[in-house]
1. Could you check the simple spin-label distance between residue 110 and residue 21, using points 7 Å along Cα→Cβ, in nm with one decimal?
2. Could you pull out the GluC sites (Glu not before Pro) across segment 1-82 that fall in loop regions by DSSP (anything but H, G, I, E, B) with no more than 15 other Cβ atoms inside 10 Å?
3. Using the count of nearby Cβ atoms within 10 Å as a rough guide to exposure, how do 164, 27, 154, 44 rank from fewest to most?
4. In what sequence do 67, 167, 120 fall when counting other Cβ within 10 Å, fewest first?
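Quick note: the coordinates plus some simple rules give every number you see, no bench work behind them. Small disclaimer: the values here were computed from a predicted structure and weren't measured. Positions of Cβ are generated from backbone atoms using ideal geometry, with glycine treated the same way; all protein chains shown enter the neighbour counts.
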Amino acid sequence: MATRQDVETAIQAIENGGNNTAKEVRDVLTKLLDYTENNEVESDLIPFENNNFKKPVKSGGNAVMFYSFRGFEKFSVNFTMALKVLKKNEGNLSFKLEPGLLPKLKEIIAHNKISFIVPYTVRQGMNNLNNNIVNIGPVPMVFALEEPNILKLDFPGVGLSKSDMIYTSIQLHVPAHIE
C-alpha cells in the first residue's frame, strides 16, 4: 500500500508543461487510491447488545425495569434503564438478568459495586389522563452485579413510592487496574 510520502513524491514527479505520459498520471492516481490513510482501520472491538425493552424484569412485586446493555465486549457498555416502582420500598431492588450476560459485563466492569447519581421523578395522581410528573432531582444509585445473574440497584436514603420512576443511561467502563 502506498503511504502519504509515496503519493506526495509521485505528485512532485509530475512535470509542468504537459510532458507527462498517461501512464505516469495513472501511476500517481493509483498510488493515491492505494493511500493507506484512506483505508478503514480494522478493529478488534466486538459489539454486543442485550435489549430487554419489550418485556420488563421484576424485582419481586416491588418494581419493574426495562433495560438494555449495548457496547463492545471486554471494553465498555452503555446501560439504559426505565424503572417503575410498583410498591413502596426502601430502594433495594434485585433483577434477574438474562443467562450469559453477567460474564460479559464482568469482563468490562471490574468492580462489583459502582455508585452513580441519577434523575428521579415522581408521578403524582393516578388518573392516566392527568399524571403530573415531578422531577425531585438527582438521587444516588448503587449498581452491583452478583452471581449467578443478578443486577442489584440500591437507592441509599431514598424511600421509593408507588409510581415513582427512574429513567437513565450510564456508560460503564471500569478496568481491573483501577482500585
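1. Using points 7 Å along Cα→Cβ, the separation is 6.0 nm.
2. Taking segment 1-82 and a limit of 15 other Cβ atoms within 10 Å, the loop GluC sites (Glu not before Pro) found are 15, 40, 42, 73.
3. Listed from fewest to most nearby Cβ atoms, that is 44, 27, 154, 164.
4. Least to most surrounded, the residues fall as 167, 67, 120.
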